[in-house]
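J.: Once you've had a glance at the structure underneath, I'll fire off some questions.
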Amino acid sequence: MFFSIMSGRSMHSILVGLFCLAIASAICCSSVGSSYFIRRCLESERHALLQFKQDLVDDSNALASWENMKDCCKWRGIACNNQTGHVTTLDFSFSYDPYLNSTEVPLRGEMSPSLLELRYLSYLDLSYNDFGGMIIPKFIGSLSQLKELKLADANFSGPVPPQLGNLSNLHTLDLSWNELVSSESIEWLSHLSSLRYLNMSDVDLSKVVNWPQSLSKLTSLIELQLLVCRLPDVNLRSLSFINSSTSLQVLDLSSNSLNSSVFHWIANVSNNFVNIQLSSNLLKGPIPDVFTSMLSLVALDLSYNQLEGGIPEGFQNLCSLESLTLLSNSLSENIIDSIKTLSCAENTLETLNLRENQFWGSLPNLKRFSKLRELDLSSNQLNGSLPESVGQLSSLEQLFLSENSLTGVITESHFLNLSRLQMLSLSDNRFSINLSSDWNPPFQLSGALDMSGYKLGPAFPKWILTQTNLTRLYLSNAGLSGLLPNKFWDLCSGLVYLNLSMNQIHGKVPNLSTTSLFRVDLSSNLLSGAVPSIPRRLSRLDLSKNLFSGPPSSLCTTLTLPPSNLYALDLSENLLSGELPNCWIQFQNLEQLNLGRNKLSGMIPSSLGSIQGIAVLRLNRNNFSGELPSLENCTSLVMVDLGDNNLSGKIPTWIGQSLIDLTILHLRSNEFNGSIPSSLCGLAAIHVLDLSHNNISGGLPHCFNNISVLAINSLYSTFIMELVWKGIEIEFGKNLLGMRSIDISSNYLIGEIPQSIESMTELISLNLSRNYLTGKLPENFGNMKMLESLDLSRNQISGKIPASFSRLNFLGVLDVSHNHLSGRIPLSTQLQSFNASAYMANLGLCGPPLTQICPGDGTAQDDGITRGSDTDNKEHDTDGLISLGFFISTALGFVTGFWVVCGSLLLKSSRRYAYFKFLDDSRDWVYVKTAAHRAKMERRLQRWMVMSFWHGV
């Protein structure tokens, strides 16, 4: 019984003990549970995030998780502190990556001040979104816990708020690639004492004169990027960091306007540089020795400057150098000496880019540069053969040697160990290629292959067909002929760039719509058939100078989706016929369209006028008819070439009103009628105006002086156009940049040449021939001193050739024949150098180079100082008409005929007009003869005095 009682009490005690233990455990757990229990986000911060989302436009529904989950810590782009539950990270850079083929589009909208509720936010990244050009809100400066602020490429604009200087904990600040501008001071940066990374690329700092001093206070800075900041050109030689920072390792000041004094400034900033980028500045002269002590330097980029000389000897100390980029300068040195200077980096150098300089000499043995991955020596003056030791660079991935004078034979030995090679460019040298047809390359190129200019054909090289990972293939002028193998078109499925121009390839082009091609150039071949369908992502297509035929309807009918990326289309010089389809509204990104030299007919489609961004429109040498459709919405047009068609109607007034950037207007050989609209005087940037061979009537506009023939920066340097120059049709390429020409010949123009034409002082060619122009030439015609070609022939121009013509010193072509010009041709070296045919059929014109002698010329002789007999002197006393009898006869004739003549003049106006014209001509003739007689009398007096002196002696 005792045992039973004790057992009951024991059980009770155990139960009580367990209960107490449970309570104790609960109390204990409540006090230490925060060490492993995850808190949810706070309701206030969740509400603030939803408020922030309301001001955004989420076209891709990238923030769908914000609607499906209650816990904001699990939302996309949000991170919280595990202990407190406070939101610490807001990262929206995920929404769009411009370097990837992302299906998502940027978030749009505005920044809500509800972010101020996130008091513990330490990371804010809104990069690659679209905030519609709004100003960066000042309230961001109140997020005091921020350590990283990234607003890159988010379409902010306006001034940078100095309130950002309140973010004292900030160690990363990225404001790059927006449309921001800074005030005259960036002193607010000096308050960010913890800043280690600063990127303000593309922020306009042009007014910040003290930028070096302000940056000098960032003594913790490790990386500084100020690309394209329009930094003001200050004398950096006299400046240095106030507290010279030894922490700065990465410096990028590319694409500013800095002069060579920046080298001195850099030398005083830090000796611990690892990466220096100074490309696209105004650096001149030799590369200084400021880099000699930078023993940690790994990468240096001085490309796109005006540097001269060679690589400094101090580079022998740069034993850690991995990348040296000096492309596009004026450096000139024996390449052997350059490579020798880099010998200390032979175990580290990976990239050597000396492209577009003037390095010369033969390539040395590069075998000891065992880690070299990229070697670019293109566009220099290298000669000699390519050493086979190049084939031993087993790490080489990119080899560019194009545009030199290298010679010798390229064999398989040059590629023996290049198993990692991805890009190869050997074009525009003097190599001969000797690769066997069954060669199996050790490499698999995944980038570009450029062997243009070498005889690789006639058959397409089989070894190229093995390079299935190629993205760019350039085989222009490679001696290829015949049909391309079917396997080649399989290769195209992965190609992005393809150039097979200037070969003799024939056959048809298959459907390309399923390929990845971005740019295609198959021009100057013998390809035939219909125009192939266009891949959607294609940006440039050149099929010119082939045998493509039929209507170009495939541009529209075979497309399921419009080629939204296409900006250049050239189908010129083919056999295309029929009418153009009216579907151009779907080519909204098209900038250049060339369909010239075909057999197209019908009216020009009106939908061409819907391509607002088009800059070049060429439909010349076809059979288009009817009136010109409205292109007044195509305000970006720079060149319009509609010459040699059958277009009719009046020249539209909108050309001069809407197309204010027009540089070339070519309407030659059509059937345009009516007068020249005065609105054409609004074409202030015009270079070539050709309205010749039409049915244009009326007078020349008196406002031509408004055509200032100025700008050349809007002119496309790739234009190739045929112009009638100095009487011959010539194809102009780059020389078109300097052309300034007006041609309105072979029309029905009437009236006088307006006086205002004298002010067109930059004009190089003027052709007004074969019209019905009348009146006199402007007196100051010679102000157009740049004229090289002038044709005023076959008009009804009268009067004298102005004396100012003698100032036209650059004339190479002159034709004023078949007019009613009169008087003496002005004397000048240039005007007398032309053949007499330039002045023929002007009955009143005289003087060299014409054989017609002007009145008073050819009889008077310069006797000089002659010692002769009295008989000789007497023989020279007579002077033809000029004698005493001449003057007596003239007086009697005047008295006798005065009333007889005047009577008839009073009665008949036509006689009066003819008589006074005769008097004008007679007055000129008498003046010349009298002046000649006076000069002769003075010479005789001088001779008499001299002879008297000699007799006296």
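The values are calculated or read from the model by the stated rules, or taken from the named source; none is laboratory data. Since we're looking at a predicted model, the values are computed, not measured. In this analysis, Cβ positions are derived from the backbone assuming ideal geometry, glycine residues included, and neighbour counts consider all displayed protein chains.
J.: State yes or no: is GLU403 among the acidic types (Asp, Glu) and surrounded by fewer than 17 Cβ atoms within 10 Å (Cβ to Cβ)?
T.: No, not satisfied.
J.: Moving on. Testing LYS734 on (1) among the charged types (D, E, K, R); (2) modelled with pLDDT of 65 or more; (3) exposed (fewer than 15 other Cβ atoms within 10 Å of the Cβ), one condition comes back false. Which one is that?
T.: (2)
J.: So which residues in the stretch 379-405 are assigned to a loop (DSSP other than H, G, I, E, B) and not acidic (Asp, Glu), if there are any at all?
T.: Within the stretch 379-405, SER379, ASN380, LEU386, PRO387, LEU393, SER394, SER395, LEU396, LEU401, SER402, ASN404 meet the criteria.
J.: Can you work out which of the residues in the stretch 484-539 that are assigned to a strand (DSSP E or B) and out of contact with any strand residue (DSSP E or B) (no Cβ under 6 Å at 6 or more places or on another chain) is nearest to LEU571 (Cα to Cα)?
T.: If we take residues in the stretch 484-539 being assigned to a strand (DSSP E or B) and out of contact with any strand residue (DSSP E or B) (no Cβ under 6 Å at 6 or more places or on another chain), then LEU527 is nearest to LEU571 (Cα to Cα).
J.: Also, I was wondering about something else. Filter the stretch 434-484 for residues that are within 34 Å of the chain's Cα centre (by Cα) and basic (Lys, Arg); which is modelled with the highest pLDDT?
T.: Among residues in the stretch 434-484 that are within 34 Å of the chain's Cα centre (by Cα) and basic (Lys, Arg), the one modelled with the highest pLDDT is ARG472.
J.: Moving to a separate point now. Considering ILE604, ILE660, ILE655, ILE614, which residue is touching a Pro at 6+ places or on another chain (Cβ under 8 Å) and in a loop (DSSP other than H, G, I, E, B)? It would help to see each step written out before you state the result.
T.: Values: ILE660 fails: touching a Pro at 6+ places or on another chain (Cβ under 8 Å); ILE655 fails: in a loop (DSSP other than H, G, I, E, B); ILE614 fails: touching a Pro at 6+ places or on another chain (Cβ under 8 Å).
Within the list ILE604, ILE660, ILE655, ILE614, the selection yields ILE604.
J.: What residue, of SER338, SER280, is on the phi > 0 side of the Ramachandran plot and buried (at least 19 other Cβ atoms within 10 Å of the Cβ)?
T.: That would be SER280, the only listed residue that is on the phi > 0 side of the Ramachandran plot and buried (at least 19 other Cβ atoms within 10 Å of the Cβ).
J.: Taking ASN503 as meeting all but one of (1) closer than 22 Å to PHE400 by Cβ; (2) surrounded by 15 or more Cβ atoms within 10 Å (Cβ to Cβ), write down the number of the exception.
T.: (1)
J.: When the stretch 742-762 is examined, which residues are found to be modelled with pLDDT of 90 or more and crowded, with 19+ Cβ neighbours inside 10 Å?
T.: Passing the criteria: ILE742, ASP743, ILE744, SER745, SER746, ASN747, LEU749, ILE753.
J.: Touching a Gly at 6+ places or on another chain (Cβ under 6 Å), of a type outside the set (A, V, I, L, M), crowded, with 21+ Cβ neighbours inside 10 Å and assigned to a strand (DSSP E or B) - does that describe any residue in the stretch 663-674?
T.: yes
J.: Quick check on my filter: what residues within the stretch 401-425 are closer than 20 Å to TYR497 by Cα and either modelled with pLDDT under 95 or among the polar types (S, T, N, Q) (or both)?
T.: SER402, GLN422, SER425 - these are the residues of the stretch 401-425 that are closer than 20 Å to TYR497 by Cα and either modelled with pLDDT under 95 or among the polar types (S, T, N, Q) (or both).
J.: Here's another thing I want to ask about it. Which count do you get for residues in the stretch 535-566 that are within 19 Å of GLY596 (Cβ to Cβ) and at pLDDT 75 or above?
T.: Of the residues in that region, 15 qualify.
J.: I would also like to ask the following. Filter the stretch 341-368 for residues that are surrounded by fewer than 22 Cβ atoms within 10 Å (Cβ to Cβ) and closer than 18 Å to VAL298 by Cβ and give the result.
T.: THR341, LEU342, SER343, CYS344, GLU346, ASN347, THR348, GLU350, THR351, ASN353
J.: Now for a different question. I'm told GLN796 meets every condition in (1) in the same structural domain as LEU691 (by TED's automatic domain parsing); (2) over 21 Å from VAL688 (Cβ atoms); (3) at pLDDT below 90 except one. Can you identify the failing condition by its number?
T.: (3)
J.: Identify, by number, the condition in (1) assigned to a strand (DSSP E or B); (2) over 21 Å from TRP265 (Cβ atoms); (3) of a type outside the set (Val, Ile, Thr) that SER320 doesn't meet.
T.: (1)
Every residue, every condition in (1) on the phi > 0 side of the Ramachandran plot; (2) in contact with a helix residue (DSSP H, G or I) (Cβ under 8 Å, 6 or more places away or on another chain); (3) part of a loop (DSSP other than H, G, I, E, B); (4) surrounded by 17 or more Cβ atoms within 10 Å (Cβ to Cβ), yes or no:
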{"position": "SER769", "(1), (2), (3), (4)": "no, no, yes, yes"}
{"position": "LEU773", "(1), (2), (3), (4)": "no, no, no, yes"}
{"position": "PRO778", "(1), (2), (3), (4)": "no, yes, yes, yes"}
{"position": "ASN809", "(1), (2), (3), (4)": "no, no, yes, no"}
{"position": "PRO826", "(1), (2), (3), (4)": "no, yes, yes, yes"}
{"position": "GLN832", "(1), (2), (3), (4)": "no, no, no, no"}
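J.: Another question, if that's okay. Report whether or not LEU386 is buried (at least 18 other Cβ atoms within 10 Å of the Cβ) and more than 23 Å from SER303 (Cα to Cα).
T.: Taking the combined requirement at face value, the residue satisfies it.
J.: Take the stretch 86-107 and flag every residue that is over 19 Å from LYS147 (Cβ atoms) and either at pLDDT 90 or above or not in a helix (DSSP H, G or I) (or both).
T.: TYR96, ASP97, PRO98, TYR99, LEU100, ASN101, SER102, THR103, GLU104, VAL105, PRO106, LEU107
J.: Being modelled with pLDDT under 90, more than 23 Å from ASP153 (Cα to Cα), under 51 Å from the mean Cα position of the chain (by Cα) and outside any strand (DSSP E or B), is that true of even one residue in the stretch 44-64?
T.: yes
J.: Right, another one. Return yes when GLY141 is outside any strand (DSSP E or B), more than 23 Å from LEU248 (Cα to Cα) and small (Gly, Ala, Ser) and no when it is not.
T.: Taking the combined requirement at face value, the residue satisfies it.
J.: Return the residues of the stretch 40-76 that are in contact (Cβ under 8 Å) with a residue 24 or more places away in the chain, exposed (fewer than 15 other Cβ atoms within 10 Å of the Cβ) and closer than 17 Å to TYR120 by Cα; say none if nothing qualifies.
T.: ARG40, SER44, HIS47
J.: Starting from the stretch 468-481, take each residue that is surrounded by fewer than 17 Cβ atoms within 10 Å (Cβ to Cβ) and list its partners that are among the aliphatic types (A, V, I, L, M) and not in a loop (DSSP other than H, G, I, E, B), counting only C-beta distances under 7 angstrom and pairs at least six apart or across chains.
T.: What qualifies is THR468/LEU491; SER481/ILE505.
J.: Still on this model: Going by the conditions given, is GLU110 in the same structural domain as ALA62 (by TED's automatic domain parsing), farther than 27 Å from GLN83 by Cα, at pLDDT below 95 and in contact with a Phe, Trp or Tyr (Cβ under 6 Å, 6 or more places away or on another chain)?
T.: no
J.: Just one of the numbered conditions (1) farther than 26 Å from LEU401 by Cα; (2) buried (at least 21 other Cβ atoms within 10 Å of the Cβ) is not true of LEU512; which one?
T.: (2)
J.: Follow-up question, since we're still on this one. Within the bounds of the stretch 449-471, is there any residue that is small (Gly, Ala, Ser) and in contact with a Phe, Trp or Tyr (Cβ under 8 Å, 6 or more places away or on another chain)? First the steps, then the outcome.
T.: Step one: of the stretch 449-471, the residues small (Gly, Ala, Ser) are 452-453, 457, 459.
Among the residues that remain, those that are also in contact with a Phe, Trp or Tyr (Cβ under 8 Å, 6 or more places away or on another chain) are: 452.
Yes, the stretch 449-471 contains a residue that is small (Gly, Ala, Ser) and in contact with a Phe, Trp or Tyr (Cβ under 8 Å, 6 or more places away or on another chain).
J.: Just give me the residues in the stretch 284-309 being modelled with pLDDT under 95, of a type in the set (Gly, Ala, Ser) and surrounded by 19 or more Cβ atoms within 10 Å (Cβ to Cβ), in sequence order.
T.: Listed by number, the list is empty, since nothing qualifies.
J.: Also, I was wondering about something else. Every residue in the stretch 444-460 that is of a type outside the set (Lys, Arg) and surrounded by fewer than 18 Cβ atoms within 10 Å (Cβ to Cβ), please.
T.: GLN444, SER446, GLY447, GLY457, PRO458, ALA459, listed by residue number.
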